[in-house]
């Protein structure tokens, strides 16, 4: 897991607070951030050093079960922040976002850009 700095007064909008606000903020804290893929085996994601949320999905329509799996995985990680590398399976993504919202975990999504071969980020605001 990587360490990040964040502003404890508003962790949602100040993810990776360590730039220009850091010298002026008395609430900067450090926390672990899991770098994790949504699903195993769909794409090679070397950045996802902390594994994946779903090892396999038996029934993509059982969204309640997907949310239970995501909740258990996020609880086991024990973090306030995740960098989630998205693999395109929408029901699994929504289940994970619901679980993160319930657990008050801040999520930064990473999407693959086939033009550049790189991932770009998208903050999730809840």
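Here, each number is a calculation from the coordinates, and none is a lab measurement. Given the structure is predicted, the values throughout are model-derived calculations rather than measurements. Every residue, glycine among them, receives a Cβ derived from its backbone with ideal geometry; neighbour counts consider all protein chains shown.
If you take every DSSP beta bridge fully contained in region 32-123, what fraction is antiparallel? Give it as a percent rounded to 5. Beta bridges within region 32-123, antiparallel portion: roughly 35 percent.
On a per residue basis, the convex hull of the C-alpha atoms belonging to region 39-96 measures out at 78 Å³. Based on C-alpha pairs under 8 angstrom that are at least 6 apart in sequence, region 32-123 has a relative contact order of 28 percent. Please identify which residues in region 42-83 have an amide N closer than 15 Å to a label point set 7 Å out from the Cα of residue 94, following the Cα→Cβ vector. Inside the label zone: 60-68.
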